[in-house]
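What follows is a set of notes on a single structure, which appears directly below.
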Amino acid sequence: MLPGFVDAHVHVTETGLLLAGLDLSAARSVVEVLDLVAAAVAARPGRPVLGHGWDELLLAEGRPPSAAELDRAGAGGEVYLSRVDVHSAVVSGALAERSRLRGLPGWDASGRVERDAHHAVRHATRFGIDPADRRSLQLLALRSAAAAGITELHEMSAPHVAPVADLVDLVALSAAAQGTLPDVVPYRGELAGSEQDARRIVAELAEAGLPRLAGLAGDLMVDGSIGSRTAALNDDYADAPGQRGHLYLDAEQVRDHVIGCTLAGLQAGFHVIGDAAVDSVLAGFEAAAAVVGPAAIRAARHRLEHLEAVDIAGVATVSRLGLIASVQPAFDTAWGGTERMYAVRLGPRRAVRLNPFATMAAAGVRLAFGSDSPVTPFAPWEGLRAALLHRTPQQRIGLETALWAHTGGFTEVGGPGDVSGSGEVGGLRVAGPATFTCWRTDPAGPADLKGPADLAEPMKPPDLSGLAEALTAGEPVPECALTVIRGRIAFEPS
Ligand SMILES: [Zn+2]
């Protein structure tokens, strides 16, 4: 029995779209991608094809499909295929036409889109989803989270991802389920210029039907991603001389947002990946601390999403200001080390400095683990395994620290920390809220079943050494046998 897993960075509707739609992550050639698109069109003629998960580094041709190819495979209809990191995509001619992409920054005649052009096409494909369809997509994603042992997830809503109604409906769906679906902690990535501005945004969201907002945080973008070469770097990309990505927010904008949120009693936060973006965001936090004081910054528990290219000086600042590092260990499994995507884009020397979990943990930085689903799936045990087997061995952390980062240790990370309103935060304890998960680690059944615990005794932490060994040895992860949220069953195997 363990505390429930908390996934600190999720896009629920996008996850539902992937679960219900076209998953390209297993495709290994442009031809395979085009076959999948053609099959989707044949299955539902006339409907737009929304696919996700291609990675040109894994495709035999070394490039994504072109607009012309999508026009042929998609029978001239609308096709949108996001790259695995969701920071760029390829689109068909019909969709480019309807979204008026030509001439926008980030538009390429090949059909590849990033930045403004990408946001425009997402707007065209996401904002028209019918509320009933959206509800079933959200339900599908939330059930799959519960089946993975996730009891709480942090939704990273933002204007470029989805309309406010998407977040409003998601929070209502989770609240109405009363524990039969995971709890949703809502974030909105909107930039505030002052306290007044922050309060105005919150009031507008409340007006739109959102009862509570944890913060103006999440995917408030300081830069893009390394895979799409939009992460902001201080030096050139190794595989694209002259390119250093894009910085979307400067230190002054970060400062004003942090001051505004701190004074309004909200968590502030940013999506920040490249070293130039980390510099910008930390300079902004330092400037905010100079105005409102470091104690107020620490008390606000602001957070940084991804925080991949942070150096030792940056880690010290993050620790000193009490910022929470919301990181995705599965990113390292997919892209880390000296041979995968990070090394292709940055060269091995810079690649091995990314995602320094052990350095951060040693510096006392609060780590919060997440999946960024649909970028990586709901698979908390694989997240733990990724942290134990970091592709840069010096950055491996122990199972206790990793579990802490992925469970009750950081229920305090999500806004007030107690989504139930009972005033209870934290992991498993006697007389605590009945939110927990049960796991089958051995198909033959538990070997050392103990009698009823003495309720007067404080609960002992479980012995995790066997589990740690199994995970590092590459054995299958434990099977979820039960997910319980405040006494209600959210998942049990059928
Ligand atoms: Zn995200």
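For the reader, a short list of remarks on this structure follows.
- Gyration tensor verdict on the range 73-224 (Cα atoms; rounded if a/c is under 1.5, prolate if a/b is larger than b/c, oblate otherwise): oblate
- Shape call, the range 181-222: gyration tensor on alpha carbons, a/c limit 1.5: oblate
- Dipole of the chain [Lys/Arg +1, Asp/Glu -1 at C-beta], most positive-end residue of Ile397, Gly293, Ala192: Ala192
- Note on Asp311 and Glu469: with the Förster distance fixed at 45 Å, the Cβ-Cβ geometry gives a FRET efficiency of about 0.85.
- Put the Cα centre of the range 84-110 next to the Cα centre of the range 236-256 and the gap is 21 Å.
- Sequence-separation-based contact order of the chain, relative, with Cα cut under 8 Å and 6+ spacing, percent: 16
- Mean residue ellipticity (222 nm) of the chain, computed from DSSP H runs ≥ 4 via -39,500 (n - 2.57), nearest 500: -11000 deg cm²/dmol
- Cα gyration tensor shape for the chain, rounded if a/c is under 1.5, else prolate or oblate: rounded
- Built amide H within the under 5 Å cut-off of Met221, gap 5+: His271
- Relative contact order [Cα under 8 Å, 6+ residues apart], the range 165-286, whole percent: 28
- One decimal place: the segment Gln394-Ala165 gains 78.1 nm when fully extended, by the rule 0.36 nm per residue minus the C-alpha distance.
- Environment charge at Ala434 (Cβ cut-off 9 Å; Lys +1, Arg +1, Asp -1, Glu -1): +2
Every read-out reported here was derived from the displayed coordinates using simple, explicitly stated rules and does not represent laboratory data. Everything numeric in this text was worked out from a predicted model, so none of it was measured. We place every Cβ from the backbone using ideal geometry, glycine too, and count neighbours over all the protein chains shown.
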